[in-house]
Amino acid sequence: MEKHKTYTVSEAIQRLESYCAYQERCHKEVKQKLWDMRMIPEASDQVIHHLLQHNFLNETRFSQAFARGKFRTKKWGKNRIIRELKFREISSFNIKIALQEISESDYYQTFDQLSEKRLSQLTSEENIQRKRKKFADYLLYRGWDSSMVYEKVKELIKY
């Protein structure tokens, strides 16, 4: 039988302070980390309380950083960002605040750039229907608004 390392509350606090200092974390990730460390619920609550008190753990800050990062680096649309934040059990209040990190002008500009880039990748596709489907699927998967996507399909890929 393999032996698992056990942690005192102060060791767990120390480990999770550096875990949270390395990058923003949500409560769900921290709880999972504590569970992986085999901490009992009472000790976990104590650690989480400490992290919240000392501002290592802040769900609003996490959701804002998440939205900014995924939008800028992965070019995700708002729908995908919302879906991923909900998966991480972020409150709708914090999701709303997070989406304010993305300016309208940046949002539309990024959408246009991404559309142009995707269209240029589809030059080998001869079948117009398939080309339109691939184009739309690509943008929808990344969480862009369906009305924006279908508008762009009509604009860029004509029969």
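Details
- Under 5 Å from the amide H of Asn58 lie the amide H atoms of Arg25, each residue being 5 or more positions distant or on a separate chain, with H modelled from the backbone and absent for Pro and chain starts.
- Convex hull volume of the Cα atoms of the chain, normalised per residue: 154 Å³.
- Separation of the range 88-132 from the range 12-43 is 33 Å, based on Cα centroids.
- Residues of the chain were split at every exposed loop site, defined as trypsin sites (Lys or Arg not before Pro) in a DSSP loop with at most 13 other C-beta atoms within 10 angstrom, and the longest piece left, sites excluded, is 39-157.
- Whichever aspartates and glutamates have a C-alpha closer than 18 Å to that of Lys131, once near sequence neighbours (fewer than 8 apart) are set aside: Asp112, Glu116, Glu151, Glu155
- Cα centre as origin, Lys/Arg/Asp/Glu Cβ charges: the chain dipole, Debye: 620 debye
- Counting only Cα atoms, the range 1-69 measures 45, 24, 18 Å along its principal axes, largest extent leading.
- Checking every one of the GluC sites (Glu not before Pro) in the range 1-74 against DSSP loop status and a limit of 13 other Cβ atoms within 10 Å picks out Glu2.
- Computed FRET value (nearest 0.05) for Gln121 with Lys86, which takes r as the C-beta separation and R₀ as 41 Å: 0.85
- Rounded to the nearest whole Hz, the Karplus-based 3J(HN,Hα) values (6.51 cos²θ - 1.76 cosθ + 1.60, θ = phi - 60°) of the range 94-102 follow the sequence 5, 5, 4, 5, 4, 5, 6, 6, 9, with x at glycine and proline.
Each reported figure results from applying straightforward, stated rules to the coordinates on display, with no laboratory input. All values derive from a computational prediction rather than experimental measurement. When we count neighbours, we look across all protein chains shown, and the Cβ atoms used for this are built from the backbone with ideal geometry, even at glycine.
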